[in-house]
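Everything below concerns the one structure shown next.
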Amino acid sequence: MTSELAELDQKRAMPDEEAPDAVPVPHALVPHLGETAILLDIDGTLLDLMPTPREVWVPPGLSETLNRLTERTSGALAMVSGRSLNDIDLIFAPDVFRAVAGHGAEMRLSVDNEADDVHAPPMDKELKRRLAAIAKLSPGILLEDKGYSLALHYRLAPHAEKAIYEAVSLIRADLPNAPIEVLPGKFVCEIKHSGFTKATGVRELMKHEPFRGRRPIFIGDDVTDETVFAIMPDMNGLSFSVGRRAIGVNGHFDAPNDVRAFLARLLDDTRLE
């Protein structure tokens with residue numbers, strides 16, 4: 001087992017074109033579920049992307065898999081998402097999971113709590129108003145207000161991508177001291193407070209029980225997940241990308257259904273007992 005994990009760690013240093021073509025079998029990834037923390041992005045990783053954020057749905061069997069993995073890891077399973085805690089809960093209802101939400105703006109360490117920590121103040125109302133007006137550039141641009149950030153989804157208006165980013169750049173140039181950061185994603189431009197990311201949220205999460213002292217496995221698909229990919233070596237962790245072979249990861253999945261199948265297989269691998 002030690003040699004298998006060492007080989008996987010070496011693959012992390014490979015350039016993108018040399019990244020592994022497939023995810024190794026489960027027992028090569030996890031020495032023991034009792035020593036592992038499972039960290040999962042949602043959109044494009046666990047769940048298939050849809051035309052609008054509200055259309056995503058949880059496929060049959062996934063809730064059971066997640067709940068069983070939560071039990072097998074003594075609670076060390078968490079969602080790591082750009083969505084708010086409220087959104088995450090709506091998607092997975094009636095199940096509730098530990099989470100780093102809002103790109104690190106929110107955190108829930110116990111399923112009995114609404115939130116344990118909120119790192120970001122609400123975005124300035126005038127700034128939000130100006131950014132929200134960008135949605136009027138074209139029909140099909142969907143505005144999502146998360147309080148501490150604002151997202152402009154353009155999956156239904158892909159032709160508007162350049163205009164959206166140009167408009168955001170003009171606002172930033174007009175307000176050079178505004179503490180904001182622009183996050184490009186899959187058909188979404190999100191503007192949030194600077195100073196927190198998914199990576200800062202994961203670092204904080206891993207300081208607390210039941211995550212502390214465990215080896216994290218993180219699976220993500222988008223540009224915003226790259227901050228977490230980058231810190232996995234610091235935690236002796238493993239990272240996997242979805243839909244693309246991201247630089248610095250240990251392997252990749254082709255699509256969310258492959259991620260779901262992998263998680264289900266973890267439960268059936270007797271070597272992880």
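Please identify every one of the GluC sites (Glu not before Pro) in segment 32-127 that sits in a loop by DSSP and has no more than 11 other beta carbons within 10 Å of its own beta carbon. Display every interim value, and only then the final one.
Details: sites: GLU35, GLU55, GLU64, GLU71, GLU106, GLU114, GLU126; in loops: GLU114.
Counting only loop positions with at most 11 other Cβ atoms within 10 Å, the GluC sites (Glu not before Pro) in segment 32-127 are GLU114.
Once all Cα-Cα distances of segment 48-140 are split into 10 Å bins that start at 0, what whole-number percent is in each one?
It works out to 14, 37, 32, 13, 4, in whole percents.
Could you give the accessible area per residue of segment 63-129, probe 1.4 Å, as a whole number in Å²?
Working: 2960 Å² over 67 residues.
Accessible surface, normalised per residue, equals 44 Å².
Suppose accessible area is computed on protein heavy atoms with a 1.4 Å probe; arrange ILE38, ILE91, ILE247 from highest to lowest. Display every interim value, and only then the final one.
Details: ILE38 5, ILE91 35, ILE247 125 Å².
Sorted by accessible area, descending: ILE247, ILE91, ILE38.
Please compare each pair in LYS125/LYS186; LYS146/LYS186; LYS162/LYS192; LYS136/LYS192 to a cut-off of 22 Å on the Cα-Cα distance and tell me which ones are over it. Please list the in-between numbers first.
Values: LYS125/LYS186 26 Å; LYS146/LYS186 18 Å; LYS162/LYS192 19 Å; LYS136/LYS192 20 Å.
Table pairs above 22 Å Cα-Cα are LYS125/LYS186.
Give the shape of segment 115-231 as rounded, prolate or oblate, defined through the alpha-carbon gyration tensor: a ≥ b ≥ c are the square roots of its eigenvalues, a/c under 1.5 means rounded, and otherwise the shape is prolate if a/b is larger than b/c and oblate if not. Working shown, then result.
Details: a/c = 2.48, a/b = 1.73, b/c = 1.43.
It is prolate, given that a/c is not under 1.5 and a/b is the larger ratio.
The values are calculated or read from the model by the stated rules, or taken from the named source; none is laboratory data. Just so it is clear, the structure is predicted and the values come from calculations on it, not from any experiment. Heads up, the Cβs are rebuilt from the backbone with ideal geometry, glycines too, and the neighbour counts pull from every protein chain shown. SASA here: full protein model, heavy atoms, side chains in, ligands and nucleic acids out. Shrake-Rupley method; radii C 1.70, N 1.55, O 1.52, S 1.80 Å.
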